[in-house]
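Trainee: Handing you this structure, nothing more for now.
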Amino acid sequence: MDKKVNANSKNEQLEQFRVDDKDKAMTTNQGLKVSEDEFSLKNGERGPTLLEDFHFREKMTHFDHERIPERVVHARGYAAHGEFELYESMQAYTKAKFLQSPGTKTPVFVRFSTVMGSRGSGELARDARGFATKFYTEEGNYDLVGNNIPVFFIQDGIKFPDLVHAMKPEPHNEIPQAATAHDTFWDFIANNQESAHMIMWAMSDRAIPRSFRMMEGFGVNTFRFVNAEGKSHFVKFHWKPVLGVHSVVWDEAQKLNGKNPDFHRQDLYEAIAGGNFPEFELGVQMIEEKDEFQFDFDILDATKLWPEEEVPVKIIGKMTLNRNVDNVFAETEQVAFHPGNVVPGIDFSNDPLLQGRLFSYTDTQLIRLGGPNFHELPINRPVCPFHNNQRDGYGRQTINVGQVSYHKNSLAGNTPTPVSEEEGGYVHYQEKVDGHKVRARSESFKDHFSQATMFWNSMSNPEKLHIINAFSFELGKCKEKSVREQVVEMLLNIDVDLANKVAKNLGITVQATNTPTNSKVSPALSQLNSAKKPDTRKIAVLVSEGFDGELIAMLDALKAKGTMIETVSDHLGAIKGADGTLLEANHTFSTADSVLFDAVYVVSPQGTTPTYQKEAAYFVKEAYAHFKPIAASFHGDQLLDELGFTGQAGVVTKETGNSFVESFTNAIAEHRFWNRVV
Ligand code: HDE
């Protein structure tokens, strides 16, 4: 039965698989009611357990087999359901049905991830983030399997195993977890200089996002759009977060990994549960076939981006994530993405990295999900019907009826039948290809540094400083001096000032033999030019007994601006204000920490306990050092005066009423105050 797709259709399909065990009698997997689940069947109360205890055997066997291999990369991830709505028809460029009529809604499932770490690793690793989207379209699943960085380390898929071996924990001691700050990674970088552009992004603030909700997403590889007339455009895909692109600072990231290694998933989960649905606009950059060679980079090279100022990003729709998963294993862990899952109107380019990916995903999923039938798992099923002659294999769920499972046949009227392009059959773009079989890299792929320099040129001063510090940290953790030296030599090809500053921090001297000359700048690359909003930003309100009752109205006014308020005090439970008003403390200083918040609001009155004063001062000092907005009112400004913070950038004091709320929420929208004296 053919089903018209709408944004609920995937939810309806999943509904059939949801099981609620609440209030039910316990049974075995065979449906037999169980009378006892605490004591195994024994020969006498103190005797040995009997083999005939089928309930014990079943329970233990299932438990023994609960784990599946984690993803070889992108093991740690978190996902949500949502919908994508098209703003304008893309008919002129692609015949993909979900991109034809404005207003069309397509169900989606998105999984965000880190790349390097194991499934249990901290989420604030310096790393690229995966941003994989499955669109359940009426023509089949379309997967846009992207990252939050628009370029990649390597140009050819054959090098991926080497890259990943170098970045994972070193094999002789399995150290360090989820970190690139070690010799093998940097040895790889220095000896595979096509990574120069990507490593600039990886050392930038992009690699330590504030939230999955505040990251861009990029398809990275070059794909094709093909319209109904067969005309093709090269295309790159972008996700633009409505909340803007924002990051934490490195010291904060390291502390967050200890204070809350689930920081990103919790942020996503709570935002969706609280109705603050994350939104991302979908953008496309398109290049006509005739313009393939009009750029100073090869458009098939995945270590290059297409500067937005040269190839504008056309915004074509919006994705809203509006439902958390019911079960992380069944959905987030079992979902299988593949850049080769396309629909008519979307096709591949000859980008050699993409070609490598097209092989790898199914191959790895065969072992991870235990056989060839993972497309039947609820989360992976398309919402349209699927019919072919594939049969059997581990865990097969469909019961294909009839005697025929081959093509061509006469016994079933030669069905299932391939259909023509007009009837929706996928036809590969008929690109003319002419060449010799060679193991070689195109000359046009050999400039590794111009765009790395452009990225550096496009950074603001604070962003540049963060990059210098990141290189200095990472290389400082390397044990081999030769590795440090090789990387700094490499940096000389990107920017001499950058190389010199890193060299100085590492105690190395380097000699520039040539000076990079690219003066191109792409303002779109700086996060400072991104959207700024106070929405969903978390404010820690440091409050103690005796607070001013007017605080409640102030907190309501801050909430009305879209911020999230959480109170921190020296004890949990009710805090009593001077006029008897009660306020619930959500955290104590031992369960909360400034790194878990975007801003701090101090309202403590005179005469609070010494412990409160000490803890509050520590909290505020750390937030200040991380350049966060800090505010005080009622009697809280006394603490900021004592710390010498009053009057500094992003510190709001002495204001009252609306003016205070305005200044504080503007400061929160600003995110960080890099010009602050720390
Ligand atoms: Fe992947 N990648 N990748 N990758 N990738 C995987 O597939 C691979 C690359 C990306 O949330 C694996 O099912 C090769 C670029 C994401 O489930 C594996 C190459 C980009 C995810 C694989 C690349 C990505 C993966 C591991 C170079 C950004 C997680 C588990 C030729 C556009 C998807 C799996 C999820 C996962 C291979 C490069 C994104 C091994 C060979 C570039 C977001 O198949």
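Trainee: Counting heavy atoms of the protein chains only and a 1.4 Å probe, report the per residue accessible area for region 232-340 as a whole number of Å².
Mentor: For region 232-340, the solvent-accessible area averages 35 Å² per residue.
Trainee: At R0 = 51 Å, how high is the FRET efficiency between residue 30 and residue 407 if r is their beta carbon distance? Nearest 0.05 is fine.
Mentor: Calculated value: 0.85.
Trainee: Give, in nm to one decimal, the length gained when the segment between residue 294 and residue 559 is fully stretched (0.36 nm per residue of separation minus the Cα-Cα distance).
Mentor: 90.3 nm
Trainee: As a check on your grasp of the helix formula, calculate [θ] at 222 nm for the chain: sum -39500 (n - 2.57) over DSSP H runs of n ≥ 4, divide by the residue count, round to the nearest 500.
Mentor: My calculation for the chain gives -7500 deg cm²/dmol from helical runs alone.
Trainee: Computed on alpha carbon atoms, what radius of gyration and Dmax characterise the chain, expressed in Å?
Mentor: 28.1, 92
Trainee: Just by accessible area at a 1.4 angstrom probe, what is the order of 265, 391, 206, 67 from largest to smallest?
Mentor: The most accessible residue leads, giving 67, 391, 265, 206.
Trainee: Given a Förster radius of 60 Å and the C-beta distance between residue 64 and residue 444 as r, what FRET efficiency does 1/(1 + (r/R0)^6) yield to the nearest 0.05?
Mentor: It comes to 0.65.
Trainee: Can you give the extra length, in nm with one decimal, that the chain gains between residue 91 and residue 327 once fully stretched, where that is 0.36 nm per residue apart less the Cα-Cα distance?
Mentor: Taking residue 91 through residue 327 to full extension adds about 81.2 nm, to one decimal.
Trainee: Here's a follow-up. Just list whichever of 236/314; 255/304; 236/538; 477/501; 576/654 have alpha carbons separated by over 22 Å in the model shown.
Mentor: 255/304; 236/538; 576/654
Trainee: Carbon and sulfur together cover what percent of the accessible area of region 401-469 at a 1.4 Å probe radius?
Mentor: 51 percent
Trainee: Does a label point 7 Å from the Cα of residue 529, set along Cα-to-beta-carbon, have any residues of region 445-459 with amide nitrogen under 17 Å, and which are they?
Mentor: The answer is 451-459, whose backbone nitrogens lie closer than 17 Å to the label point.
Trainee: Which whole-number value in Å² is the accessible area per residue of region 457-523, probe 1.4 Å?
Mentor: 51 Å²
Trainee: Same structure again: Put 593, 37 in order of accessible area, largest first, 1.4 Å probe: what do you get?
Mentor: Of 593, 37, the descending order of accessible area is 37, 593.
Trainee: Which of the aspartates and glutamates could a cross-linker span from residue 33 if the Cα-Cα distance has to be under 16 Å and same-chain partners fewer than 8 positions apart are dropped?
Mentor: 21, 23, 53, 58
The values are calculated or read from the model by the stated rules, or taken from the named source; none is laboratory data. Keep in mind the model is a prediction, meaning the values are calculated, not measured. Heads up, the Cβs are rebuilt from the backbone with ideal geometry, glycines too, and the neighbour counts pull from every protein chain shown. Surface accessibility is based on the protein's heavy atoms, side chains included, excluding ligands, DNA and RNA. Shrake-Rupley method; radii C 1.70, N 1.55, O 1.52, S 1.80 Å.
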